[in-house]
Every structure is written in C-alpha cells, then in structure tokens.
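Working notes for the structure below.
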Amino acid sequence: MSTPLPPIEVTPRDLSRYRAGNTGIDYVHCFESGRPGPHVMINGLTHGNEFCGMVAVCHLLDSGVRPKIGTLTLSFANVAAYETFDAAQPFESRLITHNLNRIWSSAWLDGTEDSVELRRAREMRPAVAAADHILDIHSTSQDVVPFWVYPAYERNAAVARALPKPGVHLVMPAGLGSGTPLIQHGAHASADAPGAALVVECGQHFKQASAELAVEVAMDFLGHFGLIEREVEPAATAPRRFQLLRTHVIQDERFAFTRPVIGFETFAEGELIATDGPHEIRAPCDRCTIFMPARVTIVGREGVYLTKPLD
C-alpha cells in the first residue's frame, strides 16, 4: 500500500539558533509578561516532518511576539527527527523510534525504556505540565481538510468553537486508544484540568497553505486568551463534528483498504473498510467516517480512525 510522493512546498530551515532557549530545556522558550493571566503553550514538531508547526513557532519567535498578560511558552519538540528529513523520503522523518505523541503517560515517562523521543518527552515534561492551555500544531500525510482534535471536555470544545478555523472537530470521548498524546499529559487528562489542550491538524505536511493556517491558528489562539492584541471572530457556520469510536492499530503486513482512501470517506454500517490479515475492519455505524488512513502499511502503527458524525 503506497501512494506517490506529494510536492514539497515547505522545506526545513536550520533551527540551531533557537536551541538555547531560556528555560534550560533545548528549543523551549518562555516569556513572562509580569501581569496576571494564563500560561499558554504553542508547540510544533511533535512529529519531525510536520513543518507547519515549525513555521508557526518560528514566526512567533522571529516576529518578537510577547504576551501582554500571563506567560507564553514556544517550543519545538522532535527536532532530532526533523533534522533527518530527506526530500526523497519525506515521510520517514516523522519519528526516530517512538511516536512522540503517544508516550505522555506516566507508564512511559517513568519507565525504564529509552529512545530519542522518550528522552525528549522527559525533558519537555515540566514545560508541558506548567501550561494552562496548549496548542499542539500538526499536519496530515494526506491532503484533507484541516481539523481540530481534542478530548471531549467542554473547555476544549469551547475554544475550538470560538476560533474561526478549522471548521471540523474530531472529539475523543475516551482518548486515542493507541497511547497518550501530549495534550492529555498529566492534569490535562482530567475532567477538572485548568485549561484547554487541543491539536490542530492544518492540512498536508508539505503544503504552503498548511503553514499559513498554522500561523493563523496560533495567532488566533493567543488572541483568544488575551496574550496578544488580536480580534478573533468565531466561525460564521457551525462546525462539523465527529466522535472517535475506535483507533485501529495495524497488526499484519497485509493490511489493506477495500478501496483507495485519503480520509473523510464514509461507510455504511457493517461495510468492510479494510482487512488486516485475517481480521476485518467494518463500519460500526451508519455514515462511519474515517480519519487518518495509513499511507503505507507499518505493523504496530495506526491504520485508521473510525468515527461517527455528531451533527
């Protein structure tokens, strides 16, 4: 299972100038206003080939954005993977050993296993835990419409609704089911967390439009919480919302979809979506909508998200 390589409109830049930061954690910068207000974190490069987050964080640092209230943390996460980018194999720099967005549980972070990603998560742990509100900027392997991803708490939904874009929401009542993402680390996993924590999927990894959207969403996020002067108008139309029902992790190298998919295809209840060796993946409901179908088959990685529309 494979598809042709996409055009690469956004390419990596040298991030060495941002390494020192001012927190004692490489590539993590923190700016305090000296005035009461929330602590907001904008994070990019949780996956090394998701360049839109890099562009957004660079924009905020290069343009000298500083909070007028509260505290702003800006971070680049998996720079080690990012630095392995090869345009001939642009999807390979997503990670080195572990998916950095699935290891934010105490079982992983306090365990004995070691990897580049685990070391980085352990380094960043204090910065993530300190933030009241988190925007983790991502992108998708396939060219699909941008969307929010967040645990099904009203505090998250309220922020996503208050921002003009994206207009699609993927809501997770029970998490991802395949690991613990950064936005559910520590207190952010609980119903009474201090603030919102969301992922924004800005579009295809290497599109200029994805980078531009990442900058806009980051600025809107900061404007919403009052850290910068920015008028933020909510979307003119109600969002399209989907509930995550199941995340299927590939078990067999023969995993294959029944037809070509890129995401947002719908299936009738009981319809066969894919086969995973001897296992069948069928739609658990009518109008089952798939998100994030795997571009290539890699055993142990996520194959597809199964969702149902909420509206």
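Applying 0.36 nm per residue to the separation of residue 114 and residue 97 and subtracting their alpha-carbon distance, the gain on full extension is 5.2 nm.
For the range 128-183, what does the alpha-carbon gyration tensor say about shape, rounded, prolate or oblate, given a ≥ b ≥ c as the root eigenvalues, a/c under 1.5 as rounded, and a/b over b/c as prolate? In terms of gyration-tensor shape, rounded. Each DSSP beta bridge with both residues in the chain is either parallel or antiparallel, and the antiparallel ones are about 50%. Summing +1 for each Lys or Arg and -1 for each Asp or Glu among the other residues whose beta-carbon sits under 15 angstrom from that of residue 23 gives +1. In this structure the chain gives 42 Å² per residue of accessible area when probed at 1.4 Å with all protein chains present.
Computed from backbone phi, the HN-Hα couplings of the range 246-261 come to 6, 10, 8, 9, 5, 10, 9, 5, 8, 3, 7, 7, 6, 8, x, 9 Hz, rounded to whole numbers (Karplus: 6.51 cos²θ - 1.76 cosθ + 1.60, θ = phi - 60°; Gly and Pro given as x).
The distance separating the Cα centre of the range 259-285 from that of the range 66-88 comes to 35 Å.
As I understand it, the dipole of the chain uses +1 on the Cβ of Lys and Arg and -1 on the Cβ of Asp and Glu, about the Cα centre. Which of 79, 55, 129 lies farthest toward its positive end? Selected residue: 129. Note on residue 192 and residue 68: the extension gain reaches 42.0 nm, defined as 0.36 nm multiplied by sequence separation minus the Cα-Cα distance.
What number, in percent, do you get for the relative contact order of the chain if the mean sequence gap of Cα pairs under 8 Å and at least 6 apart is divided by its residue count? For the chain, the relative contact order is 18 percent. Loop-located GluC sites (Glu not before Pro) in the range 86-130 (DSSP state other than H, G, I, E, B) with a sparse environment of at most 12 neighbouring Cβ atoms within 10 Å: 113. For the range 35-165, which whole-number percentage of the solvent-accessible area (1.4 Å probe, protein heavy atoms only) is attributable to carbon and sulfur atoms? Result for the range 35-165: 51 percent of the exposed heavy-atom area is carbon or sulfur.
The values are calculated or read from the model by the stated rules, or taken from the named source; none is laboratory data. From a predicted model like this one, the values you see are computed outputs, not experimental measurements. With ideal geometry, Cβ positions are generated from the backbone for all residues, glycine too; neighbour counts draw on all protein chains shown. Surface accessibility is based on the protein's heavy atoms, side chains included, excluding ligands, DNA and RNA. Shrake-Rupley method; radii C 1.70, N 1.55, O 1.52, S 1.80 Å.
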